[in-house]
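First the structure, in the form of structure tokens, and then the observations on it.
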Amino acid sequence: MSRPDLSSAPACLLEVQQVTCVYGGFKAVDAVSLSLQSNEMLGIAGTNGAGKSTLFAAIAGQQRAHSGSIIFAGQDLTKLQPYQRARQGLVRTFQVPREFKSLTVHENLMAAAPNKEGEQLFAALINTAGRREREQALTEKADSVLEFLNFLKVRDVPALNLSGGQKKLVELGRVLMLEPRCILLDEPFAGVNPVLIEQLSEHIVKLNARGIAFILIEHHLQALKALTRRMIVMDRGVILAQGDPQTILDDPRVQVAYMGGVA
Ligand SMILES: Nc1ncnc2c1ncn2[C@@H]1O[C@H](COP(=O)(O)OP(=O)(O)OP(=O)(O)O)[C@@H](O)[C@H]1O
Ligand SMILES: [Mg+2]
């Protein structure tokens with residue numbers, strides 16, 4: 001499957017249409033619709049269990065939607081596997097980082113690269129030179145991602161020795177290896193120290209300026225307000241409110257449901 005021709009990509013990059021996700025008989029996401037423009041940065045907030053991560057899983061493909069559609073760059077991806085959606089440029093990070101603990105930071109990024117010919121026996125036997133060339137290109141790509149993230153200093157450190165915040169940076173690095181058009185970030189700032197939050201935010205802003213669209217899940221409404229121009233608040237599987245951050249912060253329904261009455 002080839003990547004979309006970005007020059008002809010529609011202004012509306014992602015459309016989530018009436019998506020419902022069910023666990024057993026329980027609707028974790030109930031007929032949620034949203035759209036994301038190319039280059040947009042959208043925030044999603046909501047109480048614990050509101051369905052935010054499940055919605056991400058439905059968009060990125062880890063969770064099969066019970067009903068509804070996921071349209072990305074004009075294509076219906078609803079029935080595709082996560083790796084197929086990633087090839088189209090739609091990727092996510094996880095609330096709990098999923099790094100390979102015994103691999104170094106650099107190796108973790110390399111492992112995220114798609115279509116690794118080295119894993120295919122036939123290709124490995126007949127095309128050693130081509131494989132080496134590709135490995136070299138991937139090595140350089142991983143180094144350039146680490147350089148962008150200002151993370152070369154821990155290039156050869158095993159992931160198990162990283163702090164929680166550093167693991168979130170590795171998560172971002174891994175999805176950047178896939179050259180995404182849209183990144184879904186699930187609580188990138190949770191458990192991260194303020195200095196790293198600042199750095200992560202700067203990277204996100206820079207990537208967004210380079211044309212990558214983002215959806216960010218974040219509990220902290222003020223943090224979302226600083227980064228986004230549009231926010232959605234979810235509650236018990238549905239969208240409770242959406243709009244510009246100040247309107248959301250002032251919305252009494254949000255204050256009651258989300259903050260217990262205090263924004
Ligand atoms: N694999 C699962 N099996 C059954 N129920 C699940 C599963 N994953 C999530 N749930 C339930 O679905 C609902 C939504 O969960 P989800 O993780 O999407 O919420 P969330 O908004 O991301 O919450 P948090 O802010 O705590 O991360 C919750 O009630 C949760 O207990
Ligand atoms: Mg979650």
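The values are calculated or read from the model by the stated rules, or taken from the named source; none is laboratory data. Just so it is clear, the model here is predicted, and its values are computed rather than measured. All Cβ positions, glycine included, derive from the backbone under ideal geometry; neighbour counts span all protein chains shown.
Restricting the first residue to region 83-97 and requiring it to be more than 17 Å from Ile71 (Cβ to Cβ), which pairs with a second residue that is of a type in the set (S, T, N, Q) meet a Cβ separation below 7 Å and a spacing of at least six or different chains?
Gln95/Ser53
All but one of (1) at negative phi; (2) in contact (Cβ under 8 Å) with a residue 40 or more places away in the chain hold for Gly51; state the number of the condition that does not hold.
Result: Gly51 fails condition (1) only.
Contact list please: Cβ distance under 7 Å, first residue in region 197-215 and in a helix (DSSP H, G or I), second residue of a type in the set (Phe, Trp, Tyr), pairs at least six apart or on different chains.
Ile197/Phe189; Leu200/Phe189; Ile204/Phe214; Asn208/Phe214
Output the number of the condition that Leu221 fails; it satisfies all remaining conditions of (1) closer than 30 Å to Gln166 by Cα; (2) at pLDDT 95 or above; (3) within 16 Å of ligand 1 (Cβ to nearest atom).
Failing condition for Leu221: (2).
Can you find even one residue in region 195-211 that is within 15 Å of ligand 1 (Cβ to nearest atom) and either within 26 Å of Leu103 (Cα to Cα) or buried (at least 16 other Cβ atoms within 10 Å of the Cβ) (or both)?
No: region 195-211 contains no residue that is within 15 Å of ligand 1 (Cβ to nearest atom) and either within 26 Å of Leu103 (Cα to Cα) or buried (at least 16 other Cβ atoms within 10 Å of the Cβ) (or both).
If I ask for residues that are assigned to a helix (DSSP H, G or I) and modelled with pLDDT of 95 or more, which ones from region 176-196 would you list?
Matches in region 176-196: Leu176 only.
Can you list residue pairs whose Cβ atoms sit under 7 Å apart, with the first residue in region 11-35 being under 11 Å from Ser67 (Cα atoms) and the second being of a type in the set (D, E, K, R)? Count only pairs 6 or more apart in sequence or on different chains.
Between residues of region 11-35 that are under 11 Å from Ser67 (Cα atoms) and residues that are of a type in the set (D, E, K, R), the close pairs are Thr20/Lys27; Thr20/Asp30.
Within region 43-68, how many residues turn out to be part of a strand (DSSP E or B) and within 16 Å of ligand 2 (Cβ to nearest atom)?
4
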